[in-house]
Amino acid sequence: MQINGKAKEKYTYDAIVIGSGISGGWAAKVLCEKGLKTLVLERGRAVKHKADYPTAMSHPWEFDYRGQFSKKFLDENPVVKKCYAFEDATQHFFVKDNDHPYVQEKPFDWIRGYQEGGKSLIWARQTQRWSHLEFESPQRDGYATDWPIRYKDIAPWYSEVEKFVGISGNTDGLDNLPDCESLPPWEMNCVEEHMKDKIMSEYKDRKVVIGRCAHLTRPQEIHLAQGRGQCQARELCYRGCPYGAYFSSNSSTLPWAARTGNLTTKTDSVVHSILYDEKTKKASGVKGIDSNTKEETEYYAQVIFVNAATLNTNMILLNSISSRFPNGLGNDSGLLGKYICFHNYRGNIIASFDGYEDKYYSGRRPTAVMMPSYRNAYKHDADFKGGYMVFYSATRQGWGRSESRELLGPELKDKMAKPGPWNVFMMMQGETVPIEENHVRLSQDKKDAWGIPQLITSVGYTDNDEKMLQDFLTTGAEMLEKAGCKNIRPYDTKQAPGLDIHEMGGVRMGRDPETSLLNEWNQLHLCKNVFVTDGACMTSTGSQNPSLTFMAITARAADFAAKNIGKM
Ligand SMILES: Cc1cc2nc3c(=O)[nH]c(=O)nc-3n(C[C@H](O)[C@H](O)[C@H](O)COP(=O)(O)OP(=O)(O)OC[C@H]3O[C@@H](n4cnc5c(N)ncnc54)[C@H](O)[C@@H]3O)c2cc1C
Ligand code: SF4
């Protein structure tokens, strides 16, 4: 539908943000604070903080199947059912497989949250900064392409984001894991402390710290002003937190943006494509489709932020075709959709630990112990490229442990009232090296319910990933042995790419339009009023959980866009 005159005015804003998740919320916040009339277009339904968290306070016995699913439901959802956070209490925040089909040329578990707030409602909230090493490593070790920014460019924006979001953690003073603006840390328990001391005394190059996470351990004025309160250590976060104690767009950035009076949010609005004006050589707006009525509307703005989540952002750009850009917006290089990368989560190790039987811990801590990457950090010291982080935790077995099945009556009660032995779990989070072959593209014949071509995912592991996995399984088992663990069992989860839910790339940043799509401010090299600041912009993956970096990159780019709005 093409509209003119007064009708067009009605649909005209200063800025449009596509997607209201972790990155889109930040774009909206910064653009609105800078005075720009901003439209957020969100394909999913409205989810209001507190009011729309229907299971936040439910007990296990209040669910039909005590939190489990029927076999039929599981059979109908072979992909999303693999996500550890998908359960009856959270399923309303996850995309069901049949509602949004895609084509897996190679196995790829695409986990999505299509609603206001996106995956910010269901993320695990682990937040570490990148260091200078991650921004330098593609150039230093010869992979991907050089990042056009360095740590110093993003450091002030990490601070800006962290103060507003609220990140708990220690001041650890590490070069390869820069300190954050931190709230009080969560504590390690006695076994985790014991392991930390052993590992750090055995390996001088390895550091062990408590995980940093987006939870308010002691809310500051800025958090109280957002209406958010202290974390109760319940670990029911994936249901939505009525206290606003973890960061989500719904509890934080979106209501903050709304308070400025500059925000308009349209939910149930699927963005089909970005409109390109051949005369001005700029994007003029976007084409949206009402997800229920299928009515099409064009929205106009001077600046467009694409924050639909990595693969959806790739889809929108690939589908934004004009005579100037027949292969997708800004895609003269043919690289759009290529160099998709993710995190390698295949290495897990379980073990037991004898001792400390008289010790326990209280509450459900929403984070784990972690070790920043000790491979290829300062010099190339492994037979693969990139690094990996390690997470571990020690917990005591609970009342459901297997020995309970052998007992009855008072004996059972007595035994189960006491905690069981200690278990240790360790896992890797590995960088994957972006390669051109790992790509997404649009199907030529299959469309979704809104007439948009379905996405084809063609993303797989490489030899580099296999070598990194073996390195972790060996070094992790060694560390556990030195830390005093028993029954150490390393294994390969064999999970497909995608289940890490850290997909990145396809619209990467770089210095050269021939080898990248975005410049140092996240503008498309060839269409400067379009900004991509979600995971699609990532040139490489680092080994840290990525969303803090998406937020910092978004805040930086939105600030730039607002300051330069008339000049693009
Ligand atoms: C179980 C789980 C655990 C995780 N744990 C962590 C963690 O510990 N740390 C970490 O850093 N990251 C974690 N992540 C990943 C994190 O959630 C994502 O990196 C982050 O949400 C990405 O932000 P985003 O803004 O790009 O996308 P999203 O938050 O997914 O938001 C994208 C939004 O765009 C909307 N959208 C999509 N297409 C369109 C369209 N065509 N038109 C309009 N709107 C559209 C979607 O509906 C959605 O609301 C986890 C994710 C999950 C699911
Ligand atoms: S653990 Fe904290 S953040 Fe999570 S639901 Fe409970 S109070 Fe909220």
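The values are calculated or read from the model by the stated rules, or taken from the named source; none is laboratory data. Note that this is a predicted model, so its numbers are computed, not measured. Because the Cβ atoms are built from the backbone with ideal geometry, glycine has one as well, and the counts that use them run over all protein chains shown. Ligands, DNA and RNA are stripped out before the accessible areas are found, and what is left, the full protein with its side chains, is counted by its heavy atoms. Shrake-Rupley method; radii C 1.70, N 1.55, O 1.52, S 1.80 Å.
Quick notes
- When the range 146-171 is filtered for residues that are closer than 21 Å to His502 by Cβ, in contact with a Lys or Arg (Cβ under 7 Å, 6 or more places away or on another chain) and open to solvent by 20 Å² or more (accessible area, probe 1.4 Å), only Trp157 remains.
- Looking only at residues in the range 110-133 that are surrounded by fewer than 24 Cβ atoms within 10 Å (Cβ to Cβ) and part of a helix (DSSP H, G or I), the one that is nearest to ligand 1 (Cβ to nearest atom) is Lys119.
- Selection within the range 32-47 - surrounded by fewer than 19 Cβ atoms within 10 Å (Cβ to Cβ) and outside any helix (DSSP H, G or I): Lys34, Gly35, Lys37, Arg45, Ala46
- Applying a threshold of 7 Å to beta carbon distances and a minimum spacing of six or more residues, or different chains, the list of pairs starting in the range 256-274 at a residue that is farther than 15 Å from Asn312 by Cβ and ending at one that is open to solvent by less than 50 Å² (accessible area, probe 1.4 Å) and within 16 Å of ligand 2 (Cβ to nearest atom) reads Trp256/Gln226.
Residue by residue, here is whether (1) closer than 30 Å to Tyr356 by Cβ; (2) not small (Gly, Ala, Ser) holds:
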{"site": "Gly484", "(1), (2)": "yes, no"}
{"site": "Arg489", "(1), (2)": "yes, yes"}
{"site": "Gly510", "(1), (2)": "no, no"}
{"site": "Glu514", "(1), (2)": "no, yes"}
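- The range 184-198: number of residues that are assigned to a helix (DSSP H, G or I) and not acidic (Asp, Glu): 6
For (1) more than 15 Å from ligand 1 (Cβ to nearest atom); (2) without any contact (Cβ under 8 Å) to a residue 12 or more places away in the chain; (3) among the acidic types (Asp, Glu); (4) closer than 30 Å to Gln226 by Cα, each residue gets a yes or a no:
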site: Lys8; (1), (2), (3), (4): yes, no, no, no
site: Trp26; (1), (2), (3), (4): no, no, no, yes
site: Lys29; (1), (2), (3), (4): no, no, no, yes
site: Glu33; (1), (2), (3), (4): yes, no, yes, yes
site: Leu36; (1), (2), (3), (4): yes, no, no, yes
site: Ala46; (1), (2), (3), (4): no, no, no, yes
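- Check on Ala382, part of a loop (DSSP other than H, G, I, E, B) and among the aliphatic types (A, V, I, L, M): yes
- Strands (runs of 3 or more DSSP E) wholly inside the range 270-343 containing at least 1 residues that are out of contact with any Lys or Arg (no Cβ under 6 Å at 6 or more places or on another chain) and surrounded by fewer than 20 Cβ atoms within 10 Å (Cβ to Cβ): 282-290, 296-306
- Residue check, Asp88 more than 30 Å from Lys446 (Cα to Cα), open to solvent by less than 60 Å² (accessible area, probe 1.4 Å) and without any contact (Cβ under 8 Å) to a residue 60 or more places away in the chain: yes
- Restricting the range 220-241 to residues that are away from ligand 1 (no atom under 16 Å from the Cβ) and not in a loop (DSSP other than H, G, I, E, B), the residue that is surrounded by the fewest Cβ atoms within 10 Å (Cβ to Cβ): Glu221
- Residue in the range 367-384 that is within 16 Å of ligand 2 (Cβ to nearest atom) and either polar (S, T, N, Q) or open to solvent by 60 Å² or more (accessible area, probe 1.4 Å) (or both) present: yes
- Elements of type strands (runs of 3 or more DSSP E) contained in the range 398-499, each with 3 or more residues being in contact with a helix residue (DSSP H, G or I) (Cβ under 7 Å, 6 or more places away or on another chain) and closer than 30 Å to Val208 by Cα: 422-431, 486-492
- There is no residue in the range 199-209 that is among the acidic types (Asp, Glu), part of a loop (DSSP other than H, G, I, E, B) and within 16 Å of ligand 1 (Cβ to nearest atom).
Yes or no, residue by residue, for (1) within 16 Å of ligand 2 (Cβ to nearest atom); (2) at pLDDT 95 or above; (3) in contact with a Lys or Arg (Cβ under 9 Å, 6 or more places away or on another chain):
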residue: Asp197; (1), (2), (3): no, yes, no
residue: Val208; (1), (2), (3): no, yes, yes
residue: Thr217; (1), (2), (3): yes, yes, no
residue: Ala225; (1), (2), (3): no, yes, no
residue: Gly229; (1), (2), (3): yes, yes, no
residue: Asn250; (1), (2), (3): yes, yes, yes
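- In the range 527-568, the residues that are open to solvent by 10 Å² or more (accessible area, probe 1.4 Å), of a type outside the set (Phe, Trp, Tyr) and in contact with a Ser or Thr (Cβ under 9 Å, 6 or more places away or on another chain): Asn545, Ser547, Arg556
- Sole residue being in a helix (DSSP H, G or I), within 14 Å of Gly117 (Cα to Cα) and at pLDDT 95 or above, chosen from Lys81, Lys72, Lys29, Lys50: Lys29
- Qualifying residue in the range 87-108 (condition: part of a strand (DSSP E or B) and within 16 Å of ligand 2 (Cβ to nearest atom)): no
- Looking across the range 52-73 at every residue that is over 24 Å from the mean Cα position of the chain (by Cα), of a type in the set (A, V, I, L, M, F, W, C) and surrounded by 11 or more Cβ atoms within 10 Å (Cβ to Cβ), the one that is farthest from ligand 1 (Cβ to nearest atom) is identified as Met57.
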